[in-house]
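Some notes on the structure that comes next.
The values are calculated or read from the model by the stated rules, or taken from the named source; none is laboratory data. Just so we're clear, the structure is a prediction, and the values are computed from it rather than from any experiment. For neighbour counting, all protein chains shown are included, and Cβ atoms are generated from backbone atoms with ideal geometry for every residue, glycine included.
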Amino acid sequence: MKLKYNLIIADDHVMFLDGLHSILSEMEEVGQIHLATEGTQVLRLLNQFDDIDMVISDINMPKMDGIQLLSEVKKNSPHIKYFILSMLDDVRTINKVVQKEADGYILKFADKEELKDAVKDVLKGNRHYSNKVKEKYMESKFERKQNSHIELSKREKEILKLLMEEFTSKEISDKLFISINTVETHRKNILLKTGCKTTVGAVKFAIDNGYYDE
């Protein structure tokens with residue numbers, strides 16, 4: 001086991017980044033800490049330094065967000081631990097982070113001792129997700145299991161995806177080369193199958209049940 005681990009921490013809020021740097025610097029396990037304010041800068045640092053052990057990043061960052069960055073790091077440097085520190089606790093984001101195999105995920109309102117313990121845990125080779133994140137993930141898995149009997153046709157999924165992207169019925173009609181009446185029929189069938197009262201509810205259903213997870 002190494003005595004000191006070198007980190008990159010990335011967040012586009014400089015004051016938060018400075019505070020995070022201060023907290024992690026207190027840890028005896030931590031060696032060098034490199035700072036970045038966006039994802040592509042992290043990739044440049046990884047090319048510059050070949051002794052990085054962990055990347056800790058936010059999700060919402062300019063140029064390349066934390067989930068895109070997670071994919072790149074895992075693809076090109078799978079030995080590097082990747083730790084998400086974010087305010088986002090919605091089901092869709094959590095599912096994406098789990099699918100991309102992040103080593104850790106805790107929320108920004110955690111206290112500094114929880115953060116330190118989580119970082120230590122991941123450096124030891126464990127996965128560490130905060131209780132809140134795990135609860136949300138398990139709830140989403142339970143809901144998906146409950147809704148697994150709901151089967152939408154290929155066309156209904158197509159239309160639901162376009163609705164999620166805020167296309168109007170007329171725009172969907174033009175895009176799919178079908179009549180507006182056909183679009184509306186599919187929309188009604190989607191509501192009937194999902195048990196939702198509105199299109200907004202159906203879109204939420206699609207997101208929560210992972211129809212369009214990347």
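Table: residues versus (1) under 18 Å from His13 (Cα atoms); (2) out of contact with any Phe, Trp or Tyr (no Cβ under 9 Å at 6 or more places or on another chain).
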{"site": "Leu85", "(1), (2)": "yes, no"}
{"site": "Asp89", "(1), (2)": "no, yes"}
{"site": "Asn95", "(1), (2)": "no, no"}
{"site": "Tyr105", "(1), (2)": "no, no"}
{"site": "Lys112", "(1), (2)": "yes, yes"}
{"site": "Val119", "(1), (2)": "no, no"}
{"site": "Val122", "(1), (2)": "no, no"}
{"site": "Ser130", "(1), (2)": "no, no"}
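If you go through region 18-41, how many residues are touching an Asp or Glu at 6+ places or on another chain (Cβ under 9 Å) and closer than 13 Å to Asn6 by Cα?
The first filter runs over region 18-41 and keeps only residues touching an Asp or Glu at 6+ places or on another chain (Cβ under 9 Å), leaving 20, 31-32, 35-39.
Those still in the list that are closer than 13 Å to Asn6 by Cα too: 31-32, 35.
Residues flagged as touching an Asp or Glu at 6+ places or on another chain (Cβ under 9 Å) and closer than 13 Å to Asn6 by Cα within region 18-41 amount to 3.
Could you look through region 2-38, keep only residues that are among the polar types (S, T, N, Q) and over 20 Å from Ile106 (Cβ atoms), and pick out the one that is surrounded by the fewest Cβ atoms within 10 Å (Cβ to Cβ)? Explain how you work it out, then say what you get.
To start, the set of residues in region 2-38 that are among the polar types (S, T, N, Q) comprises 6, 22, 25, 32, 37.
Those still in the list that are over 20 Å from Ile106 (Cβ atoms) too: 6, 32, 37.
On the way: Asn6: 16, Gln32: 13, Thr37: 16.
My answer is Gln32.
Would you check which residues across region 39-68 are buried (at least 17 other Cβ atoms within 10 Å of the Cβ) and either in contact with a Ser or Thr (Cβ under 6 Å, 6 or more places away or on another chain) or at positive phi (or both) and list them?
Answer for region 39-68, where residues must be buried (at least 17 other Cβ atoms within 10 Å of the Cβ) and either in contact with a Ser or Thr (Cβ under 6 Å, 6 or more places away or on another chain) or at positive phi (or both): Asp58, Ile59, Met64, Gly66.
Residues that are in the same structural domain as Val98 (by TED's automatic domain parsing), within 21 Å of Glu101 (Cα to Cα) and modelled with pLDDT of 85 or more, at least 1 per element: which helices (runs of 4 or more DSSP H) completely within region 131-214 meet that? Write out each step before concluding.
Details: elements: 131-146, 154-164, 169-176, 180-194, 199-208.
Helices (runs of 4 or more DSSP H) meeting the threshold: 131-146.
Residues to consider are Lys120, Lys75; find the one that is farther than 21 Å from Phe16 by Cα, in the same structural domain as Asp53 (by TED's automatic domain parsing) and surrounded by fewer than 22 Cβ atoms within 10 Å (Cβ to Cβ). Step through it out loud before you land on a result.
Numbers: Lys120 fails: farther than 21 Å from Phe16 by Cα.
Only one candidate passes the filter, namely Lys75.
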